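Asks: Take a look at the following structure, please.
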Amino acid sequence: MIHLTNISKQYGTRVLYANSSFQVREGDKIGLVGPNGAGKSTIFRIIVGEEGVDSGAVNIAERKVIGYFSQDVAEMKGRSALEEVKAGAGKISAIAKDLALLEKQLEDSAVNPIDDDEMMKLVERYGEVQQEFETRGGYDLESRAQAILTGLGIGPDDYNRPVETFSGGWKMRIELAKILALNPDVLLIDEPTNHLDLEAILWLEEWLQNFKGAIVMTSHDREFMNRIVKRIVEVAHKTITSFTGNYDFYLREQAIRMDQLLASHQKQQDMLQKEEEFIARLKARASHAAQVQSRVKKLDKIERIEIPAEERIMNFEWAPPPRSGNDVVRFQSLGKTYSREDGGSKKVFSGLTGFIQRLDKIAIVGVNGAGKSTLLKIMAGVTDATDGTCVVGAGVKIGYFSQSSLDVLNPEKTIFQEIYDRIPEATIGFVRNLLGTFLFSGDDAEKKIGILSGGEKSRVVLATILATPVNFLILDEPTNHLDIKSREVLLQAIKSFDGTVALVSHDRHFLREVAGRVFEVDHGTLRAYEGNFEYYIESSPLAKGTNGRLKVAR
């Protein structure tokens, strides 16, 4: 359906890809991977015609509908959430207008007859348009839009809510719903899980698994990618390379290919060294001039094997944490109720009882709105409980990360100033080294917070936590905006952390690797599972999908 043949693209002197090709076939499920800035999003923009190529060909089959979800959401206003999603199905809307026009012409022909040939053409055209309208799901657009919104966490109570009243993260869900409701032939989706909780991710995963069209997607969620894609297309080192298999297969195959490349490079280097030694030894002898020239020409024609530069990744080294007491947190009959603007109140949970002990690594899970983040805020002392008690143990020093932490950063400060102001007793060298571990070296440390991406802001907040010794990490979605490699570094750092951890995450790979206990918050109750995440999946009715919507597949 889509063929990119020998394409080249560069911005100034920076080459993204040169003479590279790949294709999207009917029903393909492709994961697009590569380091930040390699040109993954540019591939999407090339396919939808927002950007051109410097050379090569881009061929797209006729009459194919392409849906493109990006992180840039256009302004939304003047419609309800449901109407916005329905309006986004532009192709269906256009076909509906054609269908209505043809129906009118057929009605008029009954009053003002037309000749048989014209009538035959009109009937044939009507049949074609009606077939396409049915194939595109035109007859069930409203019910499909409702189902998609509900799956993404926007329920019936919010169908008719004006889109301008939704926050940025929820507008992203509406934008994603528009693309899914379009029911395209090819679905291009750039980081669809960034603003979704685990419940919505599980729904989207199942939807994409059942989608009949082709998919090309990027995602920082390793398990999400593994469960959907059947091919990996890597954009890196100025080229585009295809791998048949999911993300885990790609990692194994990539390692094999790198070993082969290193072996070939070493073999070539050994050969070049011998040839150069031969030339150096004999070039002064006139009797061997022809032989030397022949060897020189031979070397000039050899295509040198290049080893790609290693991608920079974060480098965590925790400061040794001070020892806390064995009881880190105990909460009894804990409840939280928020006051609403209309004078009413909203109960988040009540009667939660549990404890966390030193060196526990606990995952807190539950359906959307169950109060997972609120529980973390109470433990971190960011908000007070309405009922019950939450007691933090002796010697506990908390490092708290949440998405709202990103908003606490001062947009007018540089990265260096933000960190230095939090640890004024530290030396400039210490702060510089700390920032270097989070990929802010040299001039990058002087960037203003206000211009940073979500991933860069997350790294700044993580750096503030690392700046002072803590023994209890409270992490609310710490992987948001981090790429897969950065997530893996953070994962290994948390596993090696010699302290206590309580976290909420929608990344199931992360939860499987970290959690030794699981707290499930469900309908105002807390159930503690004394085992890892796999044990929780085996034991919890909610995880199996028999009680509520949450269903965590193996």
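Asks: Under a Cβ-only charge scheme (Lys and Arg +1, Asp and Glu -1), can you give me the dipole magnitude of the range 249-301 about the Cα centre, in debye to the nearest 20? All intermediate terms of the calculation are to be shown ahead of the outcome.
Replies: On the way: 11 positive and 7 negative charges, 56 e Å.
Dipole magnitude for the range 249-301 comes out near 280 debye.
Asks: Starting at the first residue of the range 193-210, write each ³J(HN,Hα) from the Karplus equation 6.51 cos²θ - 1.76 cosθ + 1.60 with θ = phi - 60°, in whole Hz, x for Gly and Pro.
Replies: In residue order, the calculated couplings are 8, 4, 10, 10, 8, 4, 4, 5, 5, 4, 5, 4, 4, 5, 4, 5, 5, 8 Hz.
Asks: Sorted from largest down, give the three principal axis spans of the alpha carbons of the chain, whole angstrom values.
Replies: Projected onto its principal axes, the Cα set of the chain covers 100, 92, 47 Å.
Asks: Could you list LEU101, LEU490 so that the one with the fewest beta carbons within 10 Å of its beta carbon is first and the one with the most is last? Kindly include the intermediate steps, with their values, before the conclusion.
Replies: On the way: LEU101 12, LEU490 22.
By the 10 Å Cβ count, ascending: LEU101, LEU490.
Asks: Next question, about the same structure. I'd like the per residue volume of the convex hull spanned by the Cα atoms of the range 411-464, given in cubic angstrom.
Replies: On the way: hull volume 3.4 nm³, N = 54.
Looking at the range 411-464, the number lands at 64 Å³ per residue.
Asks: Ranked by Cβ crowding within 10 angstrom, fewest neighbours first, how are ASP185, ASP140, ASP360 ordered? Working shown, then result.
Replies: Working: ASP185 21, ASP140 12, ASP360 17.
In order of increasing Cβ crowding within 10 Å: ASP140, ASP360, ASP185.
Asks: Could you list which residues have their amide H under 5 Å from that of VAL329, counting only those 5 or more apart in sequence or on another chain, with H placed in the peptide plane?
Replies: ILE356, GLY393
Asks: Calculated from DSSP H runs of 4 or more alone, at -39500 (n - 2.57) each and per residue, what is the 222 nm mean residue ellipticity of the chain, nearest 500? Could you put the intermediate results ahead of the total?
Replies: Working: 18 runs with 225 residues, N = 554.
That calculation yields -12500 deg cm²/dmol at 222 nm.
Asks: Next up: About the Cα centre, and with charges only on the beta carbon of Lys, Arg (+1) and Asp, Glu (-1), how big is the dipole of the chain? Nearest 20 debye, please.
Replies: Numbers: 70 positive and 78 negative charges, 421 e Å.
Roughly 2020 debye, rounded to the nearest 20.
Asks: Per residue of the range 213-219, in order, report the coupling 6.51 cos²θ - 1.76 cosθ + 1.60 (Karplus, θ = phi - 60°) as ³J(HN,Hα) in whole Hz, putting x for Gly and Pro.
Replies: Along the range 213-219, the couplings run x, 8, 10, 10, 9, 10, 7 Hz.
Asks: Right, another one. Given the options MET120, ILE60, LEU102, identify the residue whose Cα lies farthest towards the positive end of the charge dipole of the range 17-131 (+1 on Cβ of Lys, Arg; -1 on Cβ of Asp, Glu).
Replies: ILE60
Asks: Residues with amide H under 5 Å of PHE401's amide H, sequence separation 5 or more or different chain, H placed in the peptide plane at 1.01 Å from N; which?
Replies: When sequence neighbours closer than 5 places are left aside, the close amide H contacts are ILE474, LEU475, ASP476.
Asks: What residues have an amide H closer than 5 Å to that of LEU16, excluding those fewer than 5 places away on the same chain, when H is modeled at 1.01 Å from N in the peptide plane?
Replies: HN-HN under 5 Å from LEU16: LYS9, GLN10, TYR11.
Asks: Calculate one ³J(HN,Hα) per residue across the range 108-113 by plugging θ = phi - 60° into the Karplus curve 6.51 cos²θ - 1.76 cosθ + 1.60, and present them in order as whole Hz with x for glycine and proline.
Replies: Listing the rounded values in order: 5, 5, 6, 8, 10, x Hz.
Asks: How do LYS64, LYS274 rank when sorted from fewest to most other Cβ atoms within 10 Å of their own Cβ? Each step should come with its number before you reach the end.
Replies: On the way: LYS64 15, LYS274 10.
In order of increasing Cβ crowding within 10 Å: LYS274, LYS64.
Asks: Hey, another quick one. Restricting to the chain, compute how many DSSP beta bridges are antiparallel as a %, nearest 5. If you can, show how the numbers build up before the last one.
Replies: Numbers: 40 of 73 bridges.
Looking only at bridges with both residues in the chain, the antiparallel portion is about 55 percent.
Asks: Let me ask you something else. Hey, quick one: spin label on PHE249, modelled 7 Å out along Cα-Cβ, who in the range 1-33 has an amide N within reach, i.e. under 19 Å?
Replies: Residues 22-33 qualify, since their backbone N sits under 19 Å from the label point.
Asks: Still on this structure, please answer the following. Distances over 15 Å make up what percent of all Cα-Cα pairs in the range 249-301?
Replies: On the way: 810 of 1378 pairs.
Value for the range 249-301: 59 percent of Cα pairs lie more than 15 Å apart.
Asks: Provide the gained length on full extension for the span PHE355 to SER496, in nm with one decimal, where the gain is 0.36 nm per separating residue minus the Cα-Cα distance. Could the numbers behind the result be given before it?
Replies: On the way: separation 141, 0.36 × 141 = 50.76 nm, distance 2.20 nm.
Here the answer is 48.6 nm.
Asks: Then there is this: Taking the Cα centre of the range 273-368 as origin, work out the dipole magnitude from +1 charges on Lys and Arg Cβ and -1 charges on Asp and Glu Cβ, in debye rounded to 20.
Replies: On the way: 18 positive and 13 negative charges, 54 e Å.
With Lys and Arg at +1 and Asp and Glu at -1, about 260 debye.
Asks: Remind me, relative contact order of the range 172-330 in percent, using alpha carbon pairs under 8 angstrom and six or more residues apart?
Replies: Values: 103 pairs, mean separation 21.3, N = 159.
13 percent.
Asks: What percent of all Cα-Cα pairs in the range 166-226 falls in each 10 Å bin, counting up from 0?
Replies: 20, 61, 19, 0
Asks: Here is a further query. If you look at just the Cα atoms of the range 336-406, how large are its Rg and its Dmax in Å?
Replies: Radius of gyration, then largest Cα-Cα span, for the range 336-406: 13.4, 43 Å.
Asks: Multiply the residue separation of ALA110 and ARG125 by 0.36 nm, subtract the distance between their alpha-carbon atoms, and state the gained length in nm to one decimal. Numbers along the way, then the final one.
Replies: Values: separation 15, 0.36 × 15 = 5.40 nm, distance 1.68 nm.
Extra length from ALA110 to ARG125 when fully extended: 3.7 nm.
Asks: For the charge dipole of the range 249-301, defined by +1 on Lys and Arg C-beta atoms and -1 on Asp and Glu C-beta atoms about the Cα centroid, which residue among GLN254, LEU299, MET271 has the Cα displaced farthest towards the positive pole?
Replies: The Cα lying farthest towards the positive end belongs to LEU299.
Asks: With the cut-off at 1.5 for a/c, could you classify the range 445-487 from its C-alpha gyration tensor as rounded, prolate or oblate?
Replies: Details: a/c = 2.27, a/b = 1.29, b/c = 1.76.
In terms of gyration-tensor shape, oblate.
Asks: Here's something else I'd like to know. Would you kindly compute the Cα radius of gyration of the range 291-351 and its largest Cα-Cα separation (Dmax), both in Å?
Replies: That works out to 33.4, 95 Å for Rg and Dmax.
Asks: Moving on. Could you tell me the center-to-center distance, by alpha carbons, between the range 391-458 and the range 137-170 in angstrom?
Replies: 37 Å
Quick note: the coordinates plus some simple rules give every number you see, no bench work behind them. What you see is a predicted model; the values in this text were computed from it and never measured. Cβ coordinates were reconstructed from backbone atoms using ideal geometry, including for glycine residues, and neighbour counts include every protein chain displayed.
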